[in-house]
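K.L.:
Okay, here's the structure, questions in a sec.
Please treat every number below as a calculation from the coordinates, not as lab data. Here the structure is a predicted model, which means the values were calculated and not measured. No Cβ is skipped: glycine too gets one built from the backbone with ideal geometry, and neighbour counts run over all protein chains shown.
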Amino acid sequence: MAGDRKVELSEALALGPGWRHACHALLYAPDPRKLFGRIPIRFAVLMQMRFDGRLGFPGGFVDAQDCSLEDGLNRELREELGDAVSAFRVERSDYRSSHLAANQRVVAHFYAKRLTAEQLQAVEARAPQAKDHGLEVLGLVRVPLYILRDGVGGLPTFVENTFIGDAREQLLDALQDLELMDPGIISNLKIPASK
Ligand code: GTP
Ligand code: MN
Ligand code: MN
Ligand code: MN
Ligand code: MN
Ligand code: MN
């Protein structure tokens, strides 16, 4: 989002009262299958359709009840994704970046965690029973990590959706840095959508 700024975690933690902290996570797992028998799926990467019609990652605001950023994140994952998330925990070692949304006095922290295929499938299977399903969360989606023969179908078309906050940049950075896709493909997509 225009005007947002990437900050170090130490700088974000020193912001003081008046700033709210939010944490979101990219959950992914390997998927060896091929679409139409020829296009490698490579990984299942989860995002969600939010109540506001935008795509984002599961997670949310860290509250007074939470003892740490990660306590807040794991509580939100439980609310939004259901009880299959109790099979793992997103930790500080999964932390990737922080962005300031200065106009809202919110700092959004981002995490990425690799799951087993079975853990990720269990999250998808249980998500319709989550507390916030049908309320804050309208459904999970997998991100297409390929480009079809027409040159636009797949990831290029997916990133033309509307995303909350810095979620689009978080997605593309993670796909590049975690080597979930060919880096050349990602740098072409990083040119901000003119919206
Ligand atoms: P409530 O329980 O209704 O308060 O929602 P929540 O706690 O689940 O909060 P939410 O997930 O909406 O996120 C809190 C803040 O982070 C909001 O200011 C959003 O704009 C922002 N936000 C939400 N999702 C993402 C995301 O995927 N990436 C980034 N960077 N920011 C996000
Ligand atoms: Mn078919
Ligand atoms: Mn929530
Ligand atoms: Mn949320
Ligand atoms: Mn919340
Ligand atoms: Mn809530």
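K.L.:
Excluding Tyr146 itself, what net charge comes from residues whose Cβ is under 11 Å from its Cβ, given Lys and Arg +1 and Asp and Glu -1?
P.N.:
Neighbour charge sum, excluding Tyr146 itself: +3.
K.L.:
Where both partners of a DSSP beta bridge lie in the stretch 4-187, what percent of those bridges are antiparallel, to the nearest 5?
P.N.:
That works out to approximately 70 percent antiparallel.
K.L.:
Taking the Cα centroid of the stretch 118-195 and of the stretch 5-69, what is the distance between the two, rounded to the nearest whole Å?
P.N.:
The distance from the Cα centre of the stretch 118-195 to that of the stretch 5-69 comes to 11 Å.
K.L.:
Next question, about the same structure. Can you compute 3J(HN,Hα) from phi for each residue in the stretch 65-78, using the Karplus curve 6.51 cos²θ - 1.76 cosθ + 1.60 with θ = phi - 60°, rounded to whole Hz and x for Gly and Pro?
P.N.:
Residue by residue, the stretch 65-78 yields 5, 8, 7, 8, 4, 6, 4, x, 4, 5, 5, 4, 4, 5 Hz.
K.L.:
With N set to the number of residues, divide the alpha-carbon radius of gyration of the chain by 2.2 N^0.38 Å and report two decimals.
P.N.:
1.01
K.L.:
What does the net charge come to around Lys131 if you take all other residues with beta carbon closer than 13 Å to its beta carbon, with K and R at +1 and D and E at -1?
P.N.:
So the surrounding residues net to -3.
K.L.:
What size of dipole, in debye to the nearest 20, comes out for the chain about its Cα centre when the only charges are +1 on Lys and Arg C-beta atoms and -1 on Asp and Glu C-beta atoms?
P.N.:
500 debye
K.L.:
May I pose another question? Which value at 222 nm does the chain reach when only helices count, each DSSP H run of 4 or more adding -39,500 (n - 2.57), with the total divided by all residues and rounded to the nearest 500 deg cm²/dmol?
P.N.:
Value at 222 nm, helices only, nearest 500: -7000 deg cm²/dmol.
K.L.:
How much FRET efficiency would the formula 1/(1 + (r/R0)^6) give for Arg149 and Leu15, where r is the Cβ-Cβ distance and R0 is 41 Å, rounded to 0.05?
P.N.:
FRET efficiency, Arg149 to Leu15: 0.30.
K.L.:
Residue separation times 0.36 nm, minus the C-alpha to C-alpha distance between Asn188 and Leu135: what's the value?
P.N.:
15.6 nm
K.L.:
With an 8 Å Cα cut-off and a minimum separation of 6 or more residues, compute the relative contact order for the chain in percent.
P.N.:
Once divided by the residue count of the chain, the mean separation gives 26 percent.
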